[in-house]
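Novice: Can you keep this structure in mind? I'll have questions shortly.
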Amino acid sequence: MNKFQEEILAGIPARLPQAKPYDPEINHAPKRKEILTDEEKVLALKNALRYFPEEQHEVLAKEFAQELHAYGRIYMYRFRPSYPMYARPIDEYPSKSRQAAAIMAMIQNNLDPRVAQHPHELIIYGGNGAIFQNWAQYRLTMQYLATMTDEQTLVMYSGHPLGLFPSHRDAPRVIVTNGMVIPNYSKPDDWERFNALGVSQYGQMTAGSYMYIGPQGIVHGTTITVMNAARKQGGAPEGKLFVTAGLGGMSGAQPKAGNIAGVVSVTAEINPKAAEKRYAQGWVDELHTDLDELLPRIRKAVAAKEVVSLAYVGNVVDLWERLADEGVHVDLGSDQTSLHNPWAGGYYPVGYSLEESKRMMAEEPERFKEAVKASLRRHVAAVNRLADKGMYFFDYGNAFLLESSRAGADVLKADGSFRYPSYVQDIMGPLYFDYGFGPFRWVCMSEKPEDLAKSDALAVKVLGEIAASAPEEIAGQMRDNIHWIEEAGRNNLVVGSQARILYADCEGRTKIALAFNEAIRRGEISGPIVLGRDHHDVSGTDSPFRETSNIYDGSRFTADMAVQNVIGDGFRGATWVSIHNGGGVGWGEVINGGFGMVIDGTEDSARHIREMLFWDVNNGIARRSWARNDGARFAIEREMARTPSLKVTLPNFADETLIRKTLNQL
Ligand SMILES: NC(=O)c1ccc[n+]([C@@H]2O[C@H](COP(=O)([O-])OP(=O)(O)OC[C@H]3O[C@@H](n4cnc5c(N)ncnc54)[C@H](O)[C@@H]3O)[C@@H](O)[C@H]2O)c1
């Protein structure tokens, strides 16, 4: 057994490991605001010390108290493992269950410093999207996974491994819940408090469910969105100007997507570290710190129809105001600052340096809040001026419209609805989700690039066959995705494990997965594959301002679909399932779930694929159809014709004139 395996099997080591110095080279999470009372601090320390034997408490109590004071959280830095963090080929994990070994690889991939945003604080993306709350939880979880069998299930409560419980081979190996709280306790400050106490975490979507594959997923989603937004403005994408903000974890995909879509993009980013990282990666072509230089550069790029991504290292509000003042014609506008987390570092107010904002956030949280609100009002005012001149502005799922409206910005229409659409209302919902297309993904557990290349080729073949007879309604979506997968290898999008994303519908996902399973059985692909998806999908997420923003029957504030989805996946063959409060648009604003499925070439895997993927897509289509969405109605009727045992309740359509007349007569 090698040292890596020994360390995993040791779990929380019996002897205290050496304290680890705080590494200034790493991108660290911002200091969280002080939220706990003195009594609650006692509780937080008692909670943290639960993981350790009493004789270590004196040393650890002091250390954890210091962490709580300095960072607002207890991360237990001392317990960071000594081995490098990255996904290894599945055979290198100590295990009694191949499924559990695959999950270990997925966890390590999330935490890989090339992949994670704040790896030492176990934050994967979005500023607060956690996989675990502390390093003790990580170590204990890995030990459970390394020792469990296929007749046990590991239960995860917001990063805390509650334990292994007896189950059976067909049951999920892991059940994850993140941030599940009683609905009345779901305000942002409740998250701050529960998280500081060490009893809950914000799992975002793929962060807390071990399914984050680095920026590739978001590049694909953003490319589709920008391409379709450009189509809405008519004509070719070349020479169209797209302005937005954020070069962080997910938002950093915007310039790359802009280039793939063929537009001129300008992305503002206030944090030079984030901007330089994307520049060094080659994801953004030019960095500019001076608006006097940037404005002529934008004009030149638009005139020459260059395909280029420019970044402004500064506050996006300054950029918007300057564009509006100079009357620059902007075709497409959006924003991807982390407004799901406005008071704790997601959005930096105009007029303050990054450092000053960070200080205010921790030391004068109320003043900081007012500064953010004032900034959002200016932000929207400038966007409105450009939108009045023809810019198509859309909310890209970061709660921009929601938080701007709460800040009193001029972003509402007379009837109280938002002045601008969300990208799901206009693009992703009607063109993709309603037809069952969503962010299907897979990861090759051999970690061999040649296996990924073979899987890509299989996906192209399968999609080509389906596209040949696809109905008009979905032909465009099929074409865009075939183009994507053909280009994917060339675009070098793999960061971390050998993973691929592709938008596919139920038929596509199932046939691709069955083709992989067959290739594994024949030995053409050399190891198991993990299937999964982003939670940002047809059925996975109830989020009234994002995934379900194109639901118009009043049910968009319900969460039955997301909860049903996870339960249904759990008994139809998922290897792990997860359900989260919060993700994308903020704690308390969304319920979302996901799954992972290990396929290994067996008949069991083929059955899981057929049964679980069918439900995982058609649940949401059935709900969207019941909400009277045309595309979903078309898709579910098509599915019922293919699958006689599927019987879905279909809506009748009432004449609104009749209803209004009736009501007026009362
Ligand atoms: N639509 C989608 O599919 C989708 C997917 C993932 C994430 N999101 C949402 O998008 C948001 C961004 O996610 P992320 O992972 O990139 O977060 P992030 O925190 O890593 O990045 C946001 C970036 O915005 C910058 N920023 C903040 N305020 C700014 C300002 N005023 N001017 C210029 N730059 C500013 C920050 O410095 C940061 O680098 C989140 O709210 C997330 O939930 C949407």
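Novice: Work out from phi, with θ = phi - 60° and the Karplus expression 6.51 cos²θ - 1.76 cosθ + 1.60, the ³J(HN,Hα) of each residue of the stretch 645-660, listed in order in whole Hz, and give x for Gly and Pro.
Specialist: 7, 8, 10, 10, 6, 9, x, 8, 9, 9, 7, 5, 4, 4, 5, 4
Novice: Going by average Cβ density within 10 Å per residue, which order do the peptides 22-31, 307-316, 453-462 take, highest to lowest?
Specialist: The peptides rank, most packed first, as 307-316, 453-462, 22-31.
Novice: Arrange the peptides 108-121, 601-614, 202-215 so that the one whose residues have, on average, the most other Cβ atoms within 10 Å appears first. The partial results should precede the final answer.
Specialist: Details: 108-121: 22.4, 601-614: 18.5, 202-215: 28.8.
Descending mean neighbour count gives 202-215, 108-121, 601-614.
Novice: May I pose another question? Quick check: Cα centre of the stretch 182-247 to Cα centre of the stretch 426-464, how many Å?
Specialist: Here the answer is 19 Å between Cα centres.
Novice: Over the chain, what is the percentage of antiparallel beta bridges among all DSSP beta bridges, to the nearest 5?
Specialist: 55 percent
Novice: Let me ask something else. Grab the Cα-Cα distance for residue 370 and residue 602, subtract it from 0.36 nm times how many residues apart they are, and report the gain in nm with one decimal.
Specialist: Values: separation 232, 0.36 × 232 = 83.52 nm, distance 5.80 nm.
Full extension from residue 370 to residue 602 adds 77.7 nm.
Novice: Residue by residue, what Karplus-based ³J(HN,Hα) values in Hz, rounded to whole numbers, does the stretch 185-197 have, using 6.51, -1.76 and 1.60 with θ = phi - 60° and x for Gly and Pro?
Specialist: Result, rounded to whole Hz: 10, 10, 8, x, 5, 5, 4, 3, 5, 5, 5, 5, 6.
Novice: So what's the gap between the Cα centers of the stretch 108-150 and the stretch 564-595, to the nearest angstrom?
Specialist: 18 Å
Novice: Quick one: which residues, 5+ away or cross-chain, put their amide H under 5 Å from the amide H of residue 153? H built at 1.01 Å from N.
Specialist: 165, 167
Novice: Now for a separate question. Taking 7 Å along the Cα-to-C-beta vector as the label spot, tell me the residue 388-residue 642 distance in nanometres, rounded to one decimal.
Specialist: 4.9 nm
Novice: Is the stretch 46-129 best put as rounded, prolate or oblate by its Cα gyration tensor, with a ≥ b ≥ c the root eigenvalues, rounded for a/c under 1.5, and otherwise prolate when a/b is larger than b/c, oblate when not?
Specialist: It is oblate, given that a/c is not under 1.5 and a/b is not larger than b/c.
Novice: Considering only protein heavy atoms, what per residue accessible area in square angstrom results for the stretch 476-555 with a 1.4 angstrom probe?
Specialist: 30 Å²
Novice: Which value at 222 nm does the chain reach when only helices count, each DSSP H run of 4 or more adding -39,500 (n - 2.57), with the total divided by all residues and rounded to the nearest 500 deg cm²/dmol? Please report the intermediate quantities before stating the final value.
Specialist: Details: 22 runs with 277 residues, N = 666.
-13000 deg cm²/dmol, from helical runs alone.
Novice: Follow-up question, since we're still on this one. What are the residues whose amide H is under 5 Å from the amide H of residue 268, where those residues sit 5 or more places off or on another chain and H is modelled from the backbone?
Specialist: Here the answer is 244, 245, 246, 312, since their amide H atoms fall under 5 Å of that of residue 268.
Novice: Further, regarding this structure: Which whole-number percent is the relative contact order of the chain (Cα, under 8 Å, 6+ apart)? Provide the component values of the computation, followed by the final result.
Specialist: Values: 1352 pairs, mean separation 87.6, N = 666.
Computed over the chain, the figure is 13 percent.
Novice: Right, another one. Using each residue's phi in the stretch 535-546, evaluate 6.51 cos²θ - 1.76 cosθ + 1.60 at θ = phi - 60° and report the 3J(HN,Hα) Karplus result to the nearest Hz, with x for Gly and Pro.
Specialist: 6, 6, 8, 3, 10, x, 9, 9, 8, x, 9, 9
Novice: With +1 assigned to the C-beta of every Lys and Arg and -1 to the C-beta of every Asp and Glu, and no other charges, what is the dipole magnitude of the chain about the Cα centre in debye, to the nearest 20?
Specialist: About 360 debye.
Novice: Where the accessible area of the chain is counted over protein heavy atoms with a 1.4 Å probe, how much of it, in %, is carbon and sulfur?
Specialist: Whole-percent figure for carbon plus sulfur exposure: 52.
Novice: Ignoring ligands, DNA and RNA, what accessible area per residue does the stretch 220-371 give at 1.4 Å, in Å²?
Specialist: 36 Å²
Novice: Order the peptides 560-572, 524-536 from the highest to the lowest mean number of other Cβ atoms within 10 Å of their residues.
Specialist: 524-536, 560-572
The values are calculated or read from the model by the stated rules, or taken from the named source; none is laboratory data. Bear in mind that the values here come from a model prediction, so they are computed numbers and not experimental data. Backbone-built Cβ (ideal geometry, glycine too); neighbour counts: all protein chains shown. These accessible areas exclude ligands, DNA and RNA; they are computed on the full protein's heavy atoms, side chains included. Shrake-Rupley method; radii C 1.70, N 1.55, O 1.52, S 1.80 Å.
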